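All remarks here apply to the structure that follows.
Taken together, the values in this text are just the output of simple stated rules run on the coordinates, not laboratory data. Every value quoted in this text rests on a predicted model; they were computed, and no experiment measured them. Glycine gets a Cβ as well: all are built from the backbone with ideal geometry, and neighbour counts include every protein chain shown.
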Amino acid sequence: MRILVATDAWHPQVNGVVRTLAMTAEAAKSLGAEVSFLTPQSFRTFALPSYPGLRLAVPFGAKIARLIADARPDSIHIATEGPIGLAVRRYCRKHELPFTTSFHTRFPDYVSARLPVRESWIWTALRRFHRGSSAVMVATPALANELRSRGFRNVVLWPRGVDTALFHPRHVDLGFARPVFLCVGRVAIEKNLEAFLDLDLPGTKVIVGDGPARASLMRSYPDAVFLGAQQGEELARSYAGADVFVFPSRTDTFGLVLLEALASGTPVAAFPVSGPRDVIGSAPVGALNEDLAEACRAALRVSRQECLEFATRHTWAASARAFIEHMADIRAGAESELSPRLSEQPRFVA
């Protein structure tokens, strides 16, 4: 099966969406599927005014059509609700081709944190975008239930995994006063980092990541350590060298960083909200508390071996298998229902 994924989020961005797509594509190879990508790298881009690190593409319909033809996909998946996602959705609707989508980001929360825009308006736009999707893929049952309650249809589960070959326990001395409380992610207002940085905790608070709020937070919290963006082995060492992984976000739909920390043997401290609650639930691998400082102190007593054993049950192979099965189900249904038309356009069938 050849699957084309259209996404506005792609390298050099460092975030959960990019990592999910890349790891799914890699794991899909052993399952007999070839995943290719239609990304901003094929178009001119511009930086968001309030977020220069993020660039959006300016796609044109003719080039979108050519790139889809060149990919010869059996299935089309639209991963993001940006300009590329909109253009590919428009193409599929025009040619009456089935497609699937995924819901990764709570844009209503993110937009309202920056602009005076009512969340209900953003939810209406998102419902309209995902309408017509043969399957709206989400990471957790809680998010699936929320979207259904908001009027989304055809919502299915697409679980996440963790790369235990990269993220695993090891002896690392980061060189900071212990205990080390680590936070990894985009340094932006929607990540609620002040809730972590304001805590009265012993040891050292460490932030790994970059974003538009980094400079102001560095000025406001001179006692915290800001290491900037990290990837690969450098990031894995930071996870393994921390005593507690702190996740202050209240808006993330999942949080791959939670699994990466747990795979490194590092327990989690977070608020009891969707995201951390859906990932770890009642497992003894961290502490969820509205008093985040108390959660941090409780997480210090968690078994690092329990964290590792929990994380190893989440594999990218299982994630890729679920993704491929959803695509195969949609394709089979489309072929049985629309076989005369599809036989005339085999290169664009989803």
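For a footprinting-style exposure proxy, rank 189, 76 by other Cβ within 10 Å, fewest first.
Values: 189 17, 76 27.
Listed from fewest to most nearby Cβ atoms, that is 189, 76.
The radius of gyration of the Cα set in the chain, together with its Dmax, comes out at 20.7, 68 angstrom.
Each of residue 198 and residue 62 was given a label point 7 Å from its Cα along the Cα-to-Cβ line. The distance between the two points is 5.4 nm. Selection among 285, 201, 334 by position relative to the dipole of the chain gives 334 as farthest towards the positive end (Cβ unit charges, Cα centre). Quick one: if the Förster radius is 41 Å, what FRET efficiency do residue 300 and residue 115 give, using the C-beta to C-beta distance and rounding to 0.05? Efficiency for this residue pair is about 0.60. Taking Cα centre as origin and charging only the Cβ of basic (Lys, Arg, +1) and acidic (Asp, Glu, -1) residues, the dipole magnitude of region 211-329 rounds to 180 debye.
Derived scalar couplings between HN and Hα for region 264-270 equal 7, x, 9, x, 10, 10, 7 Hz in order, rounded to whole Hz, by the Karplus curve 6.51 cos²θ - 1.76 cosθ + 1.60 (θ = phi - 60°), x for Gly and Pro. Length available on full extension from residue 145 to residue 2: 0.36 nm per residue minus the Cα-Cα distance, which gives 48.5 nm.
For the residues 91, 51, 239, what sequence is obtained by ranking on other C-beta atoms within 10 Å, fewest first?
51, 91, 239
Taking N as the residue count of region 180-311, its C-alpha radius of gyration divided by 2.2 N^0.38 Å amounts to 0.94.
Most tightly packed first, judged by the mean number of other beta-carbon atoms within 10 Å of their residues, the peptides 303-310, 117-124, 97-104 read 97-104, 303-310, 117-124. Averaging the sequence gap over all C-alpha pairs within less than 8 Å and six or more residues apart, then dividing by the number of residues, gives the chain a relative contact order of 18 percent.
Contour minus end-to-end for residue 166 and residue 34, with contour as 0.36 nm per residue of separation and end-to-end as the Cα-Cα distance? Intermediate values should be presented prior to the final figure.
Numbers: separation 132, 0.36 × 132 = 47.52 nm, distance 2.31 nm.
Answer, rounded to one decimal: 45.2 nm.
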